[in-house]
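Quick notes on the structure that follows.
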Amino acid sequence: MAYASGDTILDDHYNIFVQGGASAVDHNTANLNTVWGTAATGDKGYGQSGNLSTVSAGTTITATQWVNLLNRVSTIANHQGTSITAITNPTTGDTISAYTALSGNISSVFTNRLNCAASGTDITTGGTSSGTNTWRDLQTTTFTVSFASADAARYYFNAGGRIALSFSRSGGTVSSKNTGWTNLCSACGTIYFSGGSGTATIAGGSYTGTNKSGGSGSTTTLATTTGWYDLTTTYTEVFKQYDATYLYTAN
């Protein structure tokens, strides 16, 4: 029986909205717990606690349960910036009929699960490196971004997390070399490294892996299809740009 006005609303319908299957979890069918919780794998799951509970066969679904479900849809949609059709929460004693827009709303937040409406506060502790040493051939800087677990990393990227890199040079003598490097650092703009599993809209920008924001010039390497999900145990070059405006175009 379909979830539609005029038909009996079954516990199966509610459970599918919650977990994807009437009696068992199905992460491939649009549902809320797969987007919200920890049970799924890959690019599904925000790692949040408080999954919605299913209902037993023959049980009456309460107004509170419907409110919790509708509020969860709204919470996820607000995080993503997904536009959904508003549904008024029921109150105890109301006669429940099928919410025409509910299935579509859940499908939308499931499809848009990698989107994020806005970025939170940047975490910069330990994320800045500066040096004053003299060098002429090669400068190497190593940053390590550590997560508590592989799941913690995927939750971070699934919820719209990014790693940003930017570059600058200042001080020293007035010289062609220093000016060229200052220009090149500015031209690189900000490099954003995202989850990379499909296209995500994060804080108004479109991301498919490694992307450049701002700056100028042309990149030699910009791995727009390489994000966290595409990495292996081998080093991967995701960005390269040469100076194009001064005397040191090989740098």
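Quick notes
- Cross-chain or 6+ apart pairs with Cβ under 9 Å, the range 234-251 first and small (Gly, Ala, Ser), then assigned to a loop (DSSP other than H, G, I, E, B): Ala244/Ser216; Ala244/Gly217; Ala244/Ser218; Ala250/Tyr242; Ala250/Asp243
- Test result for Thr59, farther than 29 Å from Ile202 by Cα, open to solvent by 50 Å² or more (accessible area, probe 1.4 Å) and not small (Gly, Ala, Ser): yes
- Taken together, the residues in the range 130-164 that are farther than 30 Å from Ala250 by Cβ and aromatic (Phe, Trp, Tyr) amount to 4.
- Selection within the range 78-105 - within 17 Å of Gly50 (Cβ to Cβ) and buried (at least 16 other Cβ atoms within 10 Å of the Cβ): His79
- Taken as a whole, the range 63-81 holds no residue that is part of a helix (DSSP H, G or I), over 18 Å from the mean Cα position of the chain (by Cα), within 30 Å of Tyr229 (Cα to Cα) and β-branched (Val, Ile, Thr).
- Test: residue in the range 173-184 that is farther than 22 Å from Asn251 by Cα, out of contact with any Asp or Glu (no Cβ under 7 Å at 6 or more places or on another chain) and charged (D, E, K, R): no
- Within the range 91-109, residues that are over 13 Å from Arg72 (Cα atoms) reach partners that are surrounded by fewer than 19 Cβ atoms within 10 Å (Cβ to Cβ) and of a type in the set (Phe, Trp, Tyr) with beta carbons closer than 7 Å, at six or more positions or on different chains, in the pairs Ala98/Tyr3; Ser103/Tyr3.
- Residue match in the range 16-38 (condition: within 26 Å of Ser206 (Cα to Cα), in a helix (DSSP H, G or I) and open to solvent by 50 Å² or more (accessible area, probe 1.4 Å)): no
- Matching option when the condition is β-branched (Val, Ile, Thr) and farther than 23 Å from Ala152 by Cβ, among Val25, Val67, Val35: Val67
- One residue from Thr85, Thr59 being in a loop (DSSP other than H, G, I, E, B), more than 22 Å from the chain's Cα centre (by Cα), under 22 Å from Tyr14 (Cα atoms) and at pLDDT 95 or above: Thr85
- For the range 113-148, filtered to residues that are in a loop (DSSP other than H, G, I, E, B) and touching a residue at least 40 places away in the same chain (Cβ under 8 Å), the residue that is farthest from Asn33 (Cα to Cα) is Asp122.
- Filter result (open to solvent by 90 Å² or more (accessible area, probe 1.4 Å) and of a type outside the set (Phe, Trp, Tyr)) within the range 140-168: Thr140, Thr142, Thr144, Ser146, Ala148, Ser168
The values are calculated or read from the model by the stated rules, or taken from the named source; none is laboratory data. None of the values given here were measured: they were computed from a predicted structure. Every residue, glycine as well, gets a Cβ built from its backbone with ideal geometry; the counts of neighbours run over all protein chains shown. Accessible surface is based on the protein model in full, side chains and every heavy atom, while ligands, DNA and RNA are left aside. Shrake-Rupley method; radii C 1.70, N 1.55, O 1.52, S 1.80 Å.
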